[in-house]
Amino acid sequence: MKIKKARVLKVKKTNVPYKLKRPISRSQLMEYMDEEEKSRVRRISKGFREGFKFIKNAPESITVFGSARISEDHPSYKLTRELGARIADEGYAVVTGGAGGLMEAANRGAYEAGGESIGVNVILPTEQHINPYLTKNITLDYFFSRKVFLAFGTEAIIVAPGGFGTLDELFEVITLLQTNKIEPMPIILLGKDFWEEIFKLLEKKFLHEYKTISREDLNLYTITDDINEVINIIRKKEQSDLEETFS
């Protein structure tokens, strides 16, 4: 029988091969990196340290995803702003990406209602700026670390209309729920006009034609325009958590 040789990884900008036969330590990995790569690792590490410290000091919260591009006169802005206020009235902090558009709308509603309004921002060349309706905020370098803190410790996630970034955030959370990598929580898609056609298409293609999801996966989210329904879902989650704590 012919035995294959161990694969050799030639690390960028070095001539030092590393045989992939055992785990590599962080210090060993750093030896093979150039200064730019080391700087990136340090920024990532620093972002996670600061992010966990920031978010762990926040009160119980509801996270809202949504587009940075939707203007104040759009019906979705008005609906999301009203929802932000209702969430604050329930005693929760509102956490968003901290930028404009529907993130601003949710923060603004909470801020105007006298609640905690939190932003987890990310550095971008365009679009991204910190909205003026935050009681506290943090700015990170990378999207992947930002997504961790937007989902970390939240009681529910509400997804307003958005683009590729919003869809990325939504499908990552749904995947984590589907694979039991995070504790069950409500995923609420706000805006029937926006979400229903998208998810009808996904159901047709994913479930019926390609069979890449299961029927139960359709229960991982709720689509609604009704703010009262959103609040009732949040209250049911809170009641369920209390019953589980004292059972």
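Here, each number is a calculation from the coordinates, and none is a lab measurement. Treat the numbers as computed from the prediction; the structure is a model and nothing was measured. Note: ideal-geometry Cβ built from the backbone for every residue, glycine included; neighbour counts use all protein chains shown.
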Task: Cα-based Kirkwood hydrodynamic radius, the range 48-183, one decimal, Å - done: 14.4
TODO: Mind sorting LEU167, LEU190, LEU102, LEU177 by how few other Cβ atoms lie within 10 Å of their own Cβ, fewest first?
DONE: LEU167, LEU177, LEU190, LEU102
- [ ] State which entries of LYS147/LYS236; LYS56/LYS200; LYS200/LYS236; LYS53/LYS181 exceed 28 angstrom in Cα-Cα distance in the structure shown.
- [x] LYS56/LYS200
TODO: Return the long-range amide H neighbours of LEU189 (sequence gap of 5 or more, or a different chain), with a cut-off of under 5 Å between placed amide H atoms.
DONE: VAL159, THR222, ILE223, THR224
TODO: Please order THR212, THR245, THR96, THR166 by the number of other Cβ within 10 Å, starting at the fewest.
DONE: THR245, THR212, THR166, THR96
Open item on the list: Placing +1 on the Cβ of each Lys and Arg and -1 on the Cβ of each Asp and Glu in the range 25-115, which of ASN57, MET103, GLY114 has its Cα farthest towards the positive end of the resulting dipole?
Closed with: ASN57
Open item on the list: What does the extension gain come out to for LYS211 and ASP226, with contour length at 0.36 nm per residue minus their alpha carbon separation?
Closed with: 2.3 nm
- [ ] Looking at the chain, send over the antiparallel percent of its DSSP beta bridges, to the nearest 5.
- [x] 15
TODO: With a bin width of 10 angstrom, please list the P(r) values of the range 72-125 as percents of all Cα-Cα pairs, from the 0 bin to the one holding the largest distance.
DONE: 31, 52, 16, 1
TODO: Could you let me know the centre-to-centre spacing of the range 192-247 and the range 96-173, using Cα atoms, in angstrom?
DONE: 21
Open item on the list: Given all pairs of different Cα atoms, what value in angstroms does the Kirkwood hydrodynamic radius of the range 103-219 take?
Closed with: 16.0
- [ ] Would you kindly compute the Cα radius of gyration of the chain and its largest Cα-Cα separation (Dmax), both in Å?
- [x] 21.2, 73
TODO: Could you compute the FRET efficiency for PHE199 and THR179, with r as their C-beta to C-beta distance and R0 at 22 Å, rounded to 0.05?
DONE: 0.70
TODO: Quote the relative contact order of the range 109-247 in percent (integer), defining contacts as alpha-carbon pairs under 8 Å separated by 6+ residues.
DONE: 18
Task: Where a label projected 7 Å from the Cα of GLU244 along Cα→Cβ would reach, residues of the range 171-191 with amide N under 11 Å - done: 182-186
